[in-house]
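The block underneath contains the structure these notes are about, expressed in structure tokens.
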Amino acid sequence: MAEKPVWEQIGTSFVQHYYLQFDTNRANLADIYTDSSCLTWEGQGFQGKAAIMGKLSSLPFKTIEHSITAQDHQPTPDSCVLSMVVGQLKADEDPVMGFHQMFLLKNIDNKWVCTNDVFRLALHNFGQ
Amino acid sequence: MGDKPIWEQIGSSFVQHYYQLFDTDRTQLGAIYIDASCLTWEGQQFQGKAAIVEKLSSLPFTKIAHSITAQDHQPTPDSCILSMVVGQLKVRGLVDCQYWNMHNLLKNVSVQNCWSLYTHVERACILIFELNADNFSGLTDMLGLYVSVWITPGG
């Protein structure tokens, strides 16, 4: 059986870790961000680990569960890994919603960190 | 009113240009890719300008219209720009699909001030409110798209 390319292994592993931590204890995500990381959450920008963790910790749901529909990983010119995830999530008793998220991962001091993170719910104007 | 950050200006401008080309004449998209570009289209990988343009030109629809719901742009550590677009597209008037693109723009150093598309990932999700054996498999065959089935509470 052929091995997956290394960027797929890194990306897949990161994605699995990210959503596991997000769904069980979001505070554990602090390790994956640095002081120069950027998060855009539903159009709002946050710069740096502290601001990002402030936002993630303050999200107003008690329980959350992500389910991944598809994920894609690509290498970038400067040896980073780009990962894109499409899936569904359920927060508390709210209806299931779709989401899209992308991560740019960089190897710093032998550790893969997230330098860029963009999250959007899949909300459109349907019924036209 | 403050100026938008430079990465937002470049990103927005590129996104507008990209979809305009895509919806009117896809064969012209070659100008934005380089030989080191990667495209992942619905899980399939394509490497280099020629392979990418061939894939985009060979997509099995004649008429397509994209409508952007939201776009986000961020600067990256190595002075590139990351753009994420979420929207809807209409193919041959058949069904409304969501789509989702991720673009990583790279400055093409050989041409001053020319932004090229380095990595491009496209995913579409068909929302099917009424699953129906006839239209379900026909649609996925024709468009080769992943399907996200939405669970509505109360059935």
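The values are calculated or read from the model by the stated rules, or taken from the named source; none is laboratory data. Worth saying up front: this structure is predicted, and the values here are computed from it rather than measured. Cβ placement follows ideal geometry from the backbone for every residue including glycine, while neighbour counts extend to all protein chains displayed.
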Hey, A:T115 among the hydroxyl-bearing types (S, T, Y), exposed (fewer than 15 other Cβ atoms within 10 Å of the Cβ) and at pLDDT 95 or above or not: no
All positions within the range B:71-101 that are among the aliphatic types (A, V, I, L, M) and at pLDDT below 50: B:L94, B:V95
Selection status of B:W7, at pLDDT 85 or above and either surrounded by 15 or more Cβ atoms within 10 Å (Cβ to Cβ) or in contact with an Asp or Glu (Cβ under 6 Å, 6 or more places away or on another chain) (or both): yes
Matching residues in the range A:57-107 - criterion: being among the hydroxyl-bearing types (S, T, Y), surrounded by fewer than 16 Cβ atoms within 10 Å (Cβ to Cβ) and in contact with a strand residue (DSSP E or B) (Cβ under 6 Å, 6 or more places away or on another chain): A:S67
Any hit, the range A:18-32, residues being touching a residue at least 40 places away in the same chain (Cβ under 8 Å) and within 13 Å of chain B (Cβ to nearest Cβ): no
Filter pass, B:G87 being over 24 Å from A:W41 (Cα atoms) and either part of a helix (DSSP H, G or I) or out of contact with any helix residue (DSSP H, G or I) (no Cβ under 8 Å at 6 or more places or on another chain) (or both): no
Test: residue in the range A:101-114 that is of a type in the set (V, I, T) and facing chain B (nearest Cβ under 7 Å): no
B:Y19, sole failed condition from (1) modelled with pLDDT of 85 or more; (2) surrounded by 19 or more Cβ atoms within 10 Å (Cβ to Cβ); (3) more than 20 Å from B:I68 (Cα to Cα): (3)
